[in-house]
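Presented below is the structure to which this report refers.
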Amino acid sequence: MLFPTTTPPQTPRVVITGAGIITALGAGWKSNAEGFRTGRTAFRPVTLFDVSRQRAKQAAEVDLPAVLPQTGLGARQIARLDRADSLLLLAAHEAWRQSGWEPAENLPLVLGTTAGGMSFGEDYFRQAVQTPRNHRRQPTRAVNYQPQVQARMILDALDCNGPITIVSNACASGSNAIGHAWELICYGRAERALAGGYDALCGMVFSGFDALQALSTTICRPFDARRDGLALGEGAAVIALETLESARRRGAVILGELIGYGTAIDQHHLTQPHPQGNTTLTVMKQACATAGVTPDDIDYINAHGTGTVLNDSSEALAISHWAGRRAATLPVSSTKANIGHLLGAAGAVEAVICLMTLREQWLPPETMFETPDPACNFPVVHKLQDARVNVVLSNSFGFGGVNASLIFRRWA
Amino acid sequence: MSRIFVAGLGAVSPAGWNVAALREALDKGEPLPTQPLERPGWEKPLRARLVPNLAVRPGFLAHPRLRRASPITHYVVATALEATAGLRANQNPKHRLGLVVCLQSGCVNYSCRFFEETLQDPATASPLLFPETVYAAPASHLAAVLGNISLATSLVGDPAIFLQGVSLGAQWLEENRVDACLVVGAEEANWITSDALWHLEHSAVITAGAGALCLCRNPEWSAGVELVAITDVHTYSTRNSRMQAARAMRGQLGKSSPRELLCDGIGSSSRVDAPELAAWHDWTGPRLSPKQILGEGLMAGAAWQCVAACDAVAGGQFTAASVSLVGSNQQAIGARFKAVAQASRL
């Protein structure tokens with residue numbers, strides 16, 4: 001029963017035993033780790049839809065592999081997959097394979113997304129207005145547009161079943177999904193869970209950010225004084241979370257430990273953060289409190305760092321305030337400089353990047369970064385850098401004001 | 001384990017802008033009249049049951065955040081204000097309020113308008129519309145209006161996730177992260193949601209609105225209803241049909257009793273309703289099917305079922321009520337509420 005429930009006498013430790021990632025840097029851990037370690041950027045002219053009348057012309061598009069991995073999906077299901085489905089499937093399959101989990105009947109799946117199957121929605125709308133008497137494929141689009149149908153597809157692909165939770169807190173969705181899965185395990189609602197985020201590029205969302213003049217027309221440079229906006233990307237990441245006891249029982253390889261999570265809502269504005277980053281400060285403090293660490297213990301921050309003027313100055317002030325004297329030596333970077341803003345996938349992808357830094361002991365540089373914003377009194381990582389990394393913090397903030405911070409610890 | 005109580009209810013529906021209007025329509029038991037909904041490119045309009053316009057503009061719409069907000073946000077705010085009226089009258093304003101907003105279609109009006117503008121000329125698409133298209137917009141506006149929401153999330157899924165939202169609210173209360181938690185299910189209607197529904201089930205009539213439950217742990221804030229149980233989530237899959245999931249949910253809710261109400265999701269389609277009808281075929285107690293009166297409200301419909309069940313218990317008509325949610329494409333889930341002595345202060 002979901003209610004009433006019993007809380008375990010002792011909060012279990014939660015570890016990550018599988019991670020899947022796909023971004024414009026490539027499919028899988030290896031190609032992404034190499035790209036982020038060297039600070040490679042993956043922007044190119046948009047080919048997926050017409051941007052000739054938009055201000056911005058570039059995005060970080062994923063080259064989908066020609067063949068999808070062998071899963072439990074049938075030919076008809078595979079034929080119906082859209083771009084977002086494929087991204088999600090690739091990430092989930094990698095995480096699943098790496099975790100070594102067996103098919104299960106009660107595996108919670110928690111996903112974050114902002115657009116779900118938006119390509120189906122766009123096609124539905126176009127056909128409905130352009131050829132209103134043509135009903136062909138409209139019922140399928142009306143169903144597959146919905147993110148829970150994509151989530152069910154993942155469970156079918158992995159030959160699993162279990163409760164599905166779709167979190168849609170805009171660009172904090174991926175972090176919130178992982179945080180929610182972590183809480184399910186911490187509070188004894190599940191022993192393991194699959195969590196992540198996904199979003200594919202689509203015309204409507206690109207147009208939305210372009211209309212807001214939030215897209216950079218030059219280079220995406222988070223925390224740089226000359227920054228002029230964000231760049232959009234697409235991708236997915238999924239992680240396998242389980243209790244330490246479960247992982248040890250199976251003899252699983254542990255990629256890292258999720259030790260802290262904070263989330264709160266900024267009531268300042270629908271699209272703008274509080275100028276002083278009040279809610280960002282709150283969630284970083286919350287995450288530290290649940291993790292039992294202080295800013296002195298954090299070795300790296302993967303910032304939300306979109307590259308917009310308002311976000312980065314607000315986040316920089318919050319980090320500076322939160323970290324105090326530690327800020328002067330605390331390395332910070334935003335990997336949105338490499339792969340763009342992945343919206344609902346951002347928090348999950350950045351969580352996997354944090355795991356990479358912990359496993360491989362390097363920091364992801366922003367190679368296009370040149371001139372620090374005056375609000376940044378912390379070093380922005382901009383060169384290849386090996387480092388001793390034990391604890392990392394990842395920030396994510398969304399339209400609507402939901403902020404989230406996750407804290408990961410190295411497993412050694 | 002903590003006890004969880006219902007501190008207040010709220011509803012906006014085609015019957016009107018409060019729970020009393022919903023109750024009156026359900027008591028009457030007759031399907032509400034439908035209105036024509038123009039469908040571009042079709043000579044014959046679609047049918048819908050729309051939320052009636054208020055004769056007097058409600059005061060909350062003067063809030064600056066609601067100037068450009070879409071109807072779904074208006075519904076969410078109105079239900080939330082109704083559901084928290086008792087708390088706001090008696091509670092310390094510093095108390096922490098949680099918010100879970102559940103949606104299936106979400107902010108379709110502005111999404112359609114913005115995409116239409118994008119198709120015409122993206123260079124002139126309105127930047128004011130786009131932020132209002134995100135699923136998180138109603139929760140954001142409500143948080144700004146109420147001012148004491150410390151924790152909020154928006155969940156998307158089929159209507160059966162409304163009870164997952166209730167479960168999440170109960171979890172936040174049990175973990176002492178909030179003092180009360182609002183759980184809202186909401187939808188707005190336009191020609192595209194009606195068109196999509198028509199493609200899936202010709203006989204269904206789209207409707208819109210919202211329903212809210214305000215949950216609390218403090219028995220002194222109770223409105224006379226306690227949450228007793230929420231079943232497991234029974235997700236549909238290639239191996240677990242909608243029929244099997246509905247049966248499993250029913251199995252967890254137990255047997256009928258003559259003083260217990262069943263509030264189900266039976267509508268107008270024998271095909272769509274078959275799994276739920278089969279799951280509850282042996283129910284001999286009283287039954288309420290709001291969808292037959294109000295129409296297909298998607299997530300709002302699931303919320304109305306819960307509101308109607310709690311309202312019937314709070315009003316003393318029944319000692320307990322079960323809610324059956326057999327969602328369209330995700331899961332089946334059920335819940336049970338029972339009567340408790342109503343706190344005098346509310």
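Mind giving me the FRET efficiency for B:S203 and A:R388? R0 is 56 Å, r the Cβ-Cβ distance, nearest 0.05 is fine. All intermediate terms of the calculation are to be shown ahead of the outcome.
Numbers: r = 65 Å, r/R0 = 1.17.
Approximately 0.30, to the nearest 0.05.
Residue by residue through region B:243-259, what is 3J(HN,Hα) from phi via Karplus (6.51 cos²θ - 1.76 cosθ + 1.60, θ = phi - 60°)? Round to whole Hz and write x for glycine and proline.
5, 5, 5, 4, 5, 5, 4, 4, x, 7, 8, x, 8, 7, 9, x, 9
Calculate for chain A the 222 nm mean residue ellipticity that helices alone would give, adding -39,500 (n - 2.57) per DSSP H run of length 4 or more and normalising by residue count, nearest 500 deg cm²/dmol. Intermediate values should be presented prior to the final figure.
Values: 13 runs with 142 residues, N = 412.
Estimated from H runs of four or more residues: -10500 deg cm²/dmol.
Of A:Y124, A:Y300, A:Y198, which has the largest mean-square fluctuation in a 10 Å C-alpha GNM of chain A?
Looking only at A:Y124, A:Y300, A:Y198, the biggest GNM fluctuation is shown by A:Y124.
For A:K57, list the aspartates and glutamates whose Cα falls under 16 Å from its own Cα; do not include residues on the same chain fewer than 8 positions away.
Of all the aspartates and glutamates, those that pass the test against A:K57 - Cα under 16 Å, at least 8 places apart if same chain - are A:D210, A:D228, A:E234, B:D121.
Measure off 7 Å from each Cα along the Cα-to-Cβ vector at A:S52 and A:E34, then give the distance between these two points in nanometres to one decimal.
Taking the simple label geometry, A:S52 and A:E34 are separated by 3.7 nm.
Give, in whole angstrom and from largest to smallest, the semi-axes √(5λ) of the equivalent ellipsoid of region A:278-412, with λ running over the eigenvalues of the Cα gyration tensor.
Numbers: eigenvalues 68, 60, 50 Å².
So the equivalent ellipsoid measures 18, 17, 16 Å along its semi-axes.
Where does each of B:103-116, A:127-140 land if you order them by average Cβ count within 10 Å, highest first?
In descending order of packing, they fall as B:103-116, A:127-140.
Over all distinct Cα pairs, what is the inverse of the mean 1/r for region A:15-250, reported as the Kirkwood hydrodynamic radius in Å?
Details: mean 1/r = 0.0531 Å⁻¹.
Mean inverse Cα-Cα distance, inverted, gives 18.8 Å.
So for each of B:27-38, B:178-189, A:340-351 I average, over its residues, the number of other beta carbons within 10 Å; can you give me the resulting order with the highest mean first?
Put in order of decreasing packing, that is A:340-351, B:178-189, B:27-38.
Can you flag which of A:K336/A:K383; B:K94/B:K338; B:K28/B:K338; B:K255/B:K338; A:K30/A:K336 are past 20 Å Cα-Cα?
Values: A:K336/A:K383 15 Å; B:K94/B:K338 29 Å; B:K28/B:K338 24 Å; B:K255/B:K338 15 Å; A:K30/A:K336 18 Å.
Result: B:K94/B:K338; B:K28/B:K338 exceed 20 Å.
When you have a sec, figure out the Kirkwood radius of chain A from all distinct Cα pair distances and drop it here in Å to one decimal?
Working: mean 1/r = 0.0475 Å⁻¹.
Evaluated over chain A, this radius sits at 21.0 Å.
Once you have the alpha carbon radius of gyration of the protein assembly as shown, what is it after dividing by 2.2 N^0.38 Å, with N set to its residue count? The partial results should precede the final answer.
Values: Rg = 24.4 Å, N = 758, 2.2 N^0.38 = 27.3 Å.
Normalised by 2.2 N^0.38 Å, the Cα Rg of the protein assembly as shown equals 0.89.
How do B:I149, A:I22 rank when sorted from fewest to most other Cβ atoms within 10 Å of their own Cβ?
Numbers: B:I149 24, A:I22 30.
By the 10 Å Cβ count, ascending: B:I149, A:I22.
With runs of 4+ DSSP H residues as the only contributors, calculate the mean residue ellipticity of chain B at 222 nm using -39,500 (n - 2.57) per run, divided by the residue total and rounded to the nearest 500. Intermediate results must be reported in sequence, preceding the final value.
On the way: 11 runs with 118 residues, N = 346.
That comes out to -10000 deg cm²/dmol.
Quick one: Cα convex hull volume of region B:272-326, Å³ per residue?
On the way: hull volume 4.6 nm³, N = 55.
Once divided by residue count, the hull of region B:272-326 is 84 Å³.
Give the share of C-alpha pairs in each 10 angstrom bin for region B:1-144, from 0 to the last occupied bin, in whole percents, shortest bins first.
9, 30, 35, 19, 6, 1
Per-residue Cβ counts within 10 Å, from other chains only, averaged over A:196-209: what number is that? Mind dumping the intermediate values first?
Details: counts 0, 0, 0, 0, 0, 0, 1, 4, 9, 4, 2, 10, 13, 2.
Partner Cβ neighbours, averaged per residue: 3.
For region B:225-339, what number results from the quotient of the Cα radius of gyration and 2.2 N^0.38 Å? Intermediate values should be presented prior to the final figure.
Working: Rg = 13.0 Å, N = 115, 2.2 N^0.38 = 13.4 Å.
Region B:225-339 yields a ratio of 0.98.
How would A:H180, B:H202 line up from fewest to most surrounding beta-carbon atoms within 10 angstrom? Each step should come with its number before you reach the end.
On the way: A:H180 24, B:H202 9.
Fewest-to-most Cβ neighbours within 10 Å comes out as B:H202, A:H180.
Checking the cross-link filter: which lysines have an alpha carbon closer than 25 Å to that of B:K44, excluding same-chain neighbours under 8 positions apart?
Within the straight-line cut-off, B:K44 pairs with B:K291.
Report, as an integer, the average count of C-beta atoms from other chains found within 10 Å of each Cβ along A:121-134. Write down the numbers at each step before the final one.
Working: counts 6, 3, 0, 4, 7, 2, 0, 10, 8, 2, 1, 5, 2, 1.
Average per residue, whole number: 4.
Read-outs: derived from the displayed coordinates by stated rules, not from any lab. All figures in this text were calculated on a predicted structure; none of them were measured in a lab. Here the Cβ is made from the backbone with ideal geometry for all residues, glycine too, and neighbour counts use every protein chain on show.
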